[in-house]
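Below is one structure, written out as C-alpha cells, with a few remarks after it.
FYI, it's all coordinate maths here, none of it is from the lab. Here the structure is a predicted model, which means the values were calculated and not measured. In this analysis, Cβ positions are derived from the backbone assuming ideal geometry, glycine residues included, and neighbour counts consider all displayed protein chains.
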Amino acid sequence: MATTFIDKARITVKAGNGGNGVVSFHREKYVAAGGPDGGDGGKGGSIVLQVDDNLSTLMDFRYKRKYVAPSGADGQGGRRSGKDGQDLIIRVPRGTLVRDAETNEIIKDMSGTEPYVLCKGGRGGWGNSHFATPTRQVPRFAKGGLPGESHDVILELKLLADVGLIGFPNVGKSTLLSVVSKAQPKIANYHFTTLFPNLGVVWVEDGVSFVMADIPGIIEGASEGAGLGHDFLRHIDRCRLLVHVVDVSGSEGRDPVADFDAINEELKQYSPELATRPQIVAANKTDIMEDPENLERLRAHVEGLGYTLLEISAAAHQGTRQLVGKVAGMLSMLPPVTVYEPEYVPKPPVIDTSASLDIQRADDGTWLVEGPWLQRLMSNTNFADYESRMWFDRQLRESGLYQRLEELGIQDGDTVSLYDFEFEYQR
C-alpha cells in the first residue's frame, strides 16, 4: 500500500501540572519542636519539540492529536520534594513550522538542531517549610501546584530543499531527479504519477552538493485548489532556485510557451514573492522533439524575460550535467535556505476574575488567598520580569481582591500568600 504524504496537522499539547506542596511537621522521639518539614511539589513535565532527520512526513500526527506531559508528584514530609514530571519530547521532521492554531502566527521554525520548549510545565507548590519565619513558626498551610501551559498548534512541513523542480504533470521532473541524484521516485507515462514531494541530494564535485525537490505537477487553477500541486506549493517557499521543466517535444500536443506562462501565473497567484524567485528553464525531451520551432519560440520568450534556457533530455541523459553545473553556480551566489522568524507574541490571557476567591487568615496573621482563576493568572506570570509583575498587580486590583481584603481588616505590612508567591500588603 502506498504511503500517504502528510504535510499539515493540528494537535493539542498540554504540559504537566505542578505537584502540590504538603503540610508536615517533624516528629521524632526525644526531639522537641521539630518544626515544619513539608516538601515542595515537583515541577510538571514540559512539551519539547525535537528535530528528527529520520522523519520525512507528519504521518504520526494523523492518528494521535493530543499530547499531555506527566504532572509533578506531591511533596512529602521530611522536606522531601515530589518527583518532577518527565518532559514529553515530540519528534518532528526538519523544516516543520509550528503555528498558533488561532492566529496562524509562526511560533517556531524547526529547521535547526536545538530542542524547543513549546509548553512549560507548571511550577510545584511550596510545602509549609517554606512559610516558616521567626514570627510564624507553625505554618499549617501549603500551596498547590500551578497548571502547565497548553496550546492548540498547527504543524506545517515545508521541505528544506535548495532547488525545486516545477512544471506541468508528465514533463519529466521525476526522471530528471532520478538521473541527477540517487533518488528513486515513481516514474510512469501518465499525469500525477508523483503524488507527494521527493527529495534527492545532487552531487556536483567534492565538497559541493545541493538538495533538489520534485514537486507534484502543478496545473492551471492550482493556487485556488485545483489538482494536486496546490497541496505542495508551500514546499517551494524555501527553495532558493527553481528549475522550470518544460516539455518541448510536442508529443502531447501542448504549447511550451503557454505552459511556461501558466505555471508562472500560478506561482504569482500563490505568492508574488515566489514568482520573483530565480529560475532556470530546462527544455526537456529534446531527443523526441517533433517541431524545433517549439524550442525556438520558448527560447525567445524566456530569454526575453531574463531567464536562462538549457536544452536537456532527462531520459537520454543529455545536458543534465550542464544543468547541474549551472544550478550549482547560481546557488553559490544566492542566500541560504529561508528560515522563518517567529511572529507569535504570547498574549496576556483573558481571565474571568468575577469568580470568588477563598480568603482565610492564618493564626499568625497571614492572609491565604486561593482560587481557580488566581491559579491560572499566576501560571501565566513571569515574576522575574518587572512589567509582568506590574500586570499581575493590576489584575489583582481590577478583580477587587484588595478592596475585599481591606473590608476583612487587612493592615499595612500584613503578609498575603498567593500559592508560591508572598508579598507585604501596602495600601
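Beta bridges from DSSP with both residues in the range 292-427: antiparallel share about 75 percent, rounded to the nearest 5. Relative to the longest principal axis of the Cα atoms of the chain, the long axis of helix 292-304 lies at roughly 50 degrees.
Against the chain, whose longest principal axis is taken from its Cα atoms, helix 320-331 shows a tilt of about 40°. Taken about its Cα centre, the chain carries a charge dipole of about 1480 debye when Lys and Arg each add +1 at the Cβ and Asp and Glu each add -1 at the Cβ. Computed over the chain with a Gaussian network model linking Cα atoms closer than 10 Å, the most mobile of D74, D206, D352 is D206. Comparing G144, G167, G306 in a Gaussian network model of the chain where C-alpha atoms under 10 Å apart are linked, the largest mean-square fluctuation is found at G306.
Summarising the strand pairing of the chain, around 60 percent of its internal DSSP beta bridges are antiparallel.
From largest to smallest, what semi-axes in whole angstrom does the range 24-73 give when each is the square root of 5 times an eigenvalue of its alpha carbon gyration tensor?
48, 11, 7
Filter K173/K285; K108/K158; K66/K347 down to the pairs with a C-alpha to C-alpha distance above 18 Å, please. With Cα atoms farther than 18 Å apart: K66/K347. Of the GluC sites (Glu not before Pro) found in the range 286-333, those in coil by DSSP whose Cβ has at most 12 other Cβ atoms within 10 Å are E290. The GluC sites (Glu not before Pro) found in the range 331-427 that occupy coil by DSSP, while having at most 15 further C-beta atoms within 10 Å, are E343. Within a straight-line Cα-Cα reach of under 13 Å, K83 can be paired with the following aspartates and glutamates, leaving aside sequence neighbours fewer than 8 residues apart in one chain: D40, D74.
With K and R counted +1 and D and E -1, the other residues having a Cβ less than 11 Å from that of S249 yield a net charge of -3.
Each stretch of four or more DSSP H residues adds -39500 (n - 2.57); spread over every residue of the chain, this sum gives -5500 deg cm²/dmol at 222 nm. Hey, what did the chain get for relative contact order, percent, Cα under 8 Å, at least 6 apart? 14 percent. Compared with the dominant Cα axis of the chain, that is its longest principal axis, helix 386-399 is turned about 60°.
Each 5 Å bin from zero up to the one holding the largest Cα-Cα distance in the range 1-145 carries the following percent of pairs: 2, 10, 14, 15, 12, 10, 8, 7, 7, 5, 4, 3, 1, 0, 0.
If you take all other residues with their beta carbon under 12 Å from the beta carbon of D37, and give Lys and Arg +1 and Asp and Glu -1, the sum is +1. Positive end of the dipole of the range 29-177 (Cβ unit charges, origin at the Cα centre): among T175, H130, H151, the Cα lying farthest that way belongs to H130. With 10 Å bins beginning at zero, the pair-distance distribution over Cα atoms of the chain amounts to 4, 17, 21, 15, 12, 10, 9, 7, 3, 1, 0 %.
Label separation (F421 vs F25): 3.1 nm, computed from points 7 Å beyond Cα along the C-beta direction.
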